[in-house]
Amino acid sequence: MFSSLEEYKKESYDDSERQMLQAMNQWLGDSEAKCRQKWQAAMTDILHQAAAVQQQAKQVGKSLPCRYLTCSLLYSSIYLEKPQVRVEFFGDEAWYSHDPWLTASIDVSELLVHWTPFVQQALAKEGWIARYYSAAAIQRLFPQTIEKVVYLLTRHWHYWARELLLQGKLAELERPENFELSLGQYRGWQEPLYRTVPVQDIFLHGAKSLVAVDFRRCIYRGREIRQEDLTEARFWECRWETVQLEQVNLTDALFVGCRFYHVTFTDCYLAAVRFEDCQFYSCTFTGCDANPESKALPLVRLYPGARWQQCQWKKCVFDRCDLQWARFSDDWQDEVTLRECQFEQAGFIQVEQEAEDD
Amino acid sequence: MIEPWYWLQEDTSVHHVIQATELTGRKYPPIMRGDCFLRLEDTVTHYARKEPMFMPDFLFAPTFMLENAMFELWQQLQPELRGKSVQFFEEQNRLDAPMPLYWVPFLPSEEDALHAETKQELGRVVTPILRREKLANRHFLHITLAGGQLWLASLTAVEAILRQGAMGLTITSVESR
C-alpha cells in the first residue's frame, strides 16, 4: 500500500507511463491514423492562411517574412481537457518568442484517447493508504509525462513536416534562408522539425556543417565523399555518376528525383533515409546500416526505417547491409541482388498506395 | 498580439495543507490591499507537523502565498512583483522537519483591467472579462474588490507554472475584449 509519492511513482506510475507512451508511439506511427491526416490538413490550412496574410501585407508595402514557425503543445490545454497545439509565426530574431504576427490552433484532442485512461489509472485510489492519497500530489508527476508526450510528437511530426515539404505546402510561405519549423513547449524548449540553412558545396564547405542543407540539381561525377555528416540533408534532382560514398552519415537524409549511376555506398549510415522517385543503375550498397535501432544512432531519438519509394532499379547489389525495418517499393526484387543482408521487419510498400510506416 | 489569460484559483481538493500558527487574519487578510502589504515585514512562523502534510506551491489561507521557487518564477516573468517572506519552522524545532519558505506576493490592484461586462455579485467576480488593452507586456494581474481578490496570469505564465508541477492551483480560461 502506498504511503508516499516516491513509492507510488517507483512501483506504479512509471510502469503506467511507459505503457501509455508505447501505445501512443505506436498510434502516432500508424500512417492510416485519422488524426495524422486531420492534423496535417489543419497545418496545411494554417500555412495557407499565413501565406495570405503575407500577401496582404505585401500589397500595402509591408514585409512579413516567417523566420520561425513554432508549434507548442499547451500544458494548460491538457489540464483543461481540450489539447491543442498553438502555432505561431515570427518574423525574425527581434520578434521571436514574444510577438508573433499570426497565431492559430490545431485541435489535437485525439491525444485524449491515450491520455485520459492514463490519468484515470494514475489517480485511482486503489493501492493507497487512504489518508496519504492526494490527487493533487499525483498530478505533480504529470508535467514530466507531458514532456515525454511532446518529445514523441516531435519525432513523428518531424516526418509529417517532411510530408508537407514533399507536397509543396511550405512553398507558398515566404521564408528567409534560416527558416525553422519547430515543436515543443510554449515559451520553453522547441525541437526543430524542419529547417533551412545556407547553401553549401558538398566538397568545398570547409568546416561548415552540411546537416540539413538543401542540394538542388547538383551533379557529382567521379568523386569520393568520405566521412561527411549529411544528416537531414536534402538532395533534389541531383545526379550522381561514379561517386564513392564511404562512411557517410545519411541518417534522416532525403533524396527526391535523384539519379545514381555506378555509385557505391560503403559503410554508410542510412537509418530513416528516404529515396523518392530515384533511379539506381549499377549501384552497390556494402556494409551499410539502415537499422533505425542501430547502436550507432543517438539514444534519445526515435527513427523509422529507411525507405525507397517509387524508385527504379537496374543491376544493383546490397551486400552485408542491415536493412531491418526498411521499406521498398516497385519491382525491387528482380533487379537487385542481396548478399548476406539482415531483413527483419523489412517490407514492401504497395505501389500507388500510401506507404506503411514502421 | 495578446495571449490568452487565466484565472488562478485554489484547488480545494488539496487537504492536509501546511498551516501557519501565528499569522493573523488581521495582518494577513484574504484580500491583500496595498496598505496591508506595506505594513508587512518578512516574518517567521511555525506549523504543527502532521502526517500526512503537503506543502503546495500555492497557499490561500490566511492569505495568498507562493512557495519560494514559484515566487522566483513569478518574479522572473514580472520583475516588478513584490513580496514579503514567511519562513515556516516546525513548532517543535525538529532538525529533520521541513522549513519551507513562502512569499506574500503583491502587485498594485488594477480594478480597471476588468471589462465593464464582467459579472459581479456582492463585490466578488463571478465571471471575469478582461480589457485587452490592459494585458500587453505583462504576465500577472492582481485585482482587489470589496468581496475578494483575483490573481490572473497570461498563457506564458500559466504554462511555466504548470511545467513546474504546481500544486494547490486550478486554472480557468478568461475572456478578454
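Quick note: the coordinates plus some simple rules give every number you see, no bench work behind them. Everything numeric here is computed off the predicted structure, so don't read it as measured data. Glycine also receives a Cβ, built like all others from the backbone with ideal geometry; neighbour counts cover every protein chain displayed.
Within 10 Å of the Cβ of each residue in B:154-160, the mean number of Cβ atoms contributed by other protein chains is 5. Full extension of the chain segment joining A:GLN244 with A:TYR261 gains 5.1 nm, where the gain is 0.36 nm per residue of separation less the Cα-Cα distance. Compared with the dominant principal axis of the Cα atoms in chain A, helix A:14-28 is inclined by about 50°. The relative contact order of region A:58-128, computed from alpha carbon pairs under 8 Å that lie at least 6 residues apart in sequence, is 26 percent. Would you please classify the overall shape of region A:199-348 from the alpha carbon gyration tensor, given that a ≥ b ≥ c denote the square roots of the eigenvalues, rounded means a/c under 1.5, and beyond that prolate means a/b larger than b/c while oblate covers the rest? It comes out oblate by the Cα gyration axes. Computed from the Cβ-Cβ distance with R0 of 45 Å, the FRET efficiency linking B:GLU121 to A:LYS295 stands at 0.10.
Put a plus charge on the Cβ of each Lys and Arg, a minus charge on the Cβ of each Asp and Glu, and nothing anywhere else: the dipole of region B:1-92 about its Cα centre is then about 360 debye. Pairs spanning more than 28 Å between alpha-carbon atoms, out of A:LYS10/A:LYS38; A:LYS38/A:LYS295; B:LYS84/B:LYS134; A:LYS208/A:LYS295; A:LYS82/B:LYS119: A:LYS10/A:LYS38; A:LYS38/A:LYS295. Label-to-label distance for A:GLN19 and A:GLN333 is 3.9 nm, based on points extended 7 Å past Cα in the beta-carbon direction.
Top mean-square fluctuation among B:LEU162, B:LEU23, B:LEU141, Gaussian network model of chain B, C-alpha springs under 10 Å? For chain B, modelled as a Gaussian network with Cα springs under 10 Å, the answer is B:LEU162. Toward the positive end of the charge dipole of region A:5-194, about the Cα centre and with charges on Cβ (Lys, Arg +1; Asp, Glu -1), which of A:THR103, A:VAL149, A:LEU28 goes farthest? It is A:THR103. Projecting the Cα atoms of A:TRP308, A:ALA272, A:ALA233 onto the charge dipole of region A:213-358 (Cβ charges, centred on the Cα centre) puts A:ALA233 farthest toward the positive pole.
Spin-label model, B:GLN87/B:ARG39: points 7 Å from Cα along the beta carbon direction are separated by 2.4 nm.
Only Lys, Arg, Asp and Glu carry charge here, each on its Cβ (+1 for the first two, -1 for the last two); on that basis the protein assembly as shown has a dipole of about 1040 debye about its Cα centre. Counting Cβ atoms of other protein chains within 10 Å of each residue's Cβ and taking the mean over peptide A:69-78 gives 3. Counted residue by residue at 0.36 nm each, then reduced by the alpha carbon distance between them, the extension gain from A:GLN55 to A:MET1 reaches 13.2 nm. Ordering A:268-274, B:24-30 by mean Cβ neighbour count within 10 Å, with the highest value first, yields A:268-274, B:24-30. Of the residues B:GLN19, B:ALA61, B:ALA48, the one whose Cα sits farthest towards the positive end of the charge dipole of chain B is B:ALA61 (charges of +1 on Lys and Arg Cβ, -1 on Asp and Glu Cβ, taken about the Cα centre).
Given Cβ point charges of +1 (Lys, Arg) and -1 (Asp, Glu) and nothing else, what value in debye, to the nearest 20, does the dipole of region B:5-176 about its Cα centre take? Could you put the intermediate results ahead of the total?
On the way: 16 positive and 22 negative charges, 44 e Å.
Here region B:5-176 has a charge dipole of around 220 debye.
List the relative contact order of region A:199-348 as a percent without decimals, with contacts defined as Cα pairs under 8 Å and 6+ residues apart.
15 percent
Residues considered: B:LEU152, B:LEU81, B:LEU95. Largest GNM mean-square fluctuation over chain B, using C-alpha springs under 10 Å, is found at B:LEU95. Between the Cα long axis of helix A:34-59 and the first principal axis of chain A there is an angle of about 80°, rounded to the nearest 10. Mean partner shielding of peptide A:121-133, defined as the number of other chain Cβ atoms within 10 Å of each residue Cβ, is 1.
The stretch between A:GLU237 and A:LYS38, if pulled fully straight at 0.36 nm per residue, gains 68.6 nm over its current Cα-Cα span. Listed by chain and number, the aspartates and glutamates whose alpha-carbon sits under 16 Å from that of B:LYS27, ignoring those within fewer than 8 places in the same chain, are B:ASP35, B:GLU41, B:ASP42. Loop by DSSP (not H, G, I, E, B), at most 11 other beta-carbon atoms within 10 Å: where is the longest site-free stretch of chain B for GluC sites (Glu not before Pro)? The longest such stretch corresponds to B:118-177. Sequence-distant contacts, meaning Cα pairs under 8 Å at least 6 residues apart, place the relative contact order of chain A at 11 percent.
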